[in-house]
Every structure is written in C-alpha cells, then in structure tokens.
Amino acid sequence: MDRRIKRPPPKRPKKRKKRMEFSKKIFVGVTIGTVAVSVFAMVMAWRTQDTGVLAYLIPAVFAELATATGFYYRKAEKENTKGGIVYDTAMADRKSDENHTNDDPAG
C-alpha cells in the first residue's frame with residue numbers, strides 16, 4: 001500500500017483591502033451632513049410654513065461643504081503632481097518595473 005501524506009496547497013497571501021484615506025472620510029462625512037441638514041431644513045420649512053431657516057442654515061452648511069471640497073482637491077492636487085508623494089512613488093515604482101523587465105540575462 002502506498003500511503004502518502006497529503007499536504008494542503010500553499011496559501012496565497014491575502015490582498016489587503018485598501019483603506020479609505022482620512023481626508024476622503026472627512027469629505028464624505030461633510031457631504032452626508034450637508035444632505036441631511038438640507039433635507040431636514042426643507043421638511044421643517046414645509047411643515048412650519050416658515051422659510052426663515054433657509055436663509056441662515058443652508059448657506060452655512062454649503063459654505064462648510066465648499067471649504068471641505070476645496071481643501072480636499074488642493075490636497076489631491078499636491079499629491080498627484082510632480083514633487084507630490086503619490087506621483088513620485090508611482091514614478092519610482094514604474095522605473096524599477098522597467099529596469100526589471102529590461103534586464104536580459106543573455107545580453
């Protein structure tokens with residue numbers, strides 16, 4: 001009788017799920033808050049028949065959203081242009097990949 005020990009196949013390394021950046025979390029939170037406050041203000045204006053809340057609350061919330069959007073896009077611009085962290089890292093990875101593919105052991 002031929003008794004062989006069955007070995008499990010080698011485990012593949014699990015791909016780590018990329019975490020959302022903190023700045024994106026802030027942007028999403030501010031956006032959700034803006035939508036929630038806007039809907040609430042509209043419902044309350046409808047029920048109370050008073051539009052005074054729309055004069056102050058809505059512009060304040062949208063000013064906050066505009067500020068968050070501006071900061072987020074400025075941060076993304078700085079990261080993704082030459083001299084930025086993400087751009088420089090990507091270019092370095094690209095060069096190292098090109099160097100590895102151009103290595104010819106026969107040459």
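Output the number of residues of region 11-58 satisfying the condition of being within 33 Å of the chain's Cα centre (by Cα) and either of a type in the set (S, T, Y) or not in a helix (DSSP H, G or I) (or both).
Qualifying residue count for the region: 16.
Here are some conditions: (1) in contact with a helix residue (DSSP H, G or I) (Cβ under 8 Å, 6 or more places away or on another chain); (2) basic (K, R); (3) at pLDDT below 80. R7 meets all but one. Which one does it not meet?
(1)
Of the residues in region 26-55, how many are open to solvent by 100 Å² or more (accessible area, probe 1.4 Å) and of a type outside the set (V, I, T)?
Count: 5.
Report every pair of residues separated by at least 6 positions or lying on different chains whose Cβ atoms are under 9 Å apart, first residue within region 11-34 and farther than 23 Å from E77 by Cα, second assigned to a loop (DSSP other than H, G, I, E, B) and hydrophobic (A, V, I, L, M, F, W, C).
Final answer for the pair search is none.
The values are calculated or read from the model by the stated rules, or taken from the named source; none is laboratory data. A quick note: this is a predicted structure, and the numbers were derived from the prediction, not measured. Note that each Cβ is placed from the backbone with ideal geometry, even for glycine, and that neighbours are counted across all protein chains shown. For accessibility, only protein heavy atoms count, side chains too; no ligands or nucleic acids. Shrake-Rupley method; radii C 1.70, N 1.55, O 1.52, S 1.80 Å.
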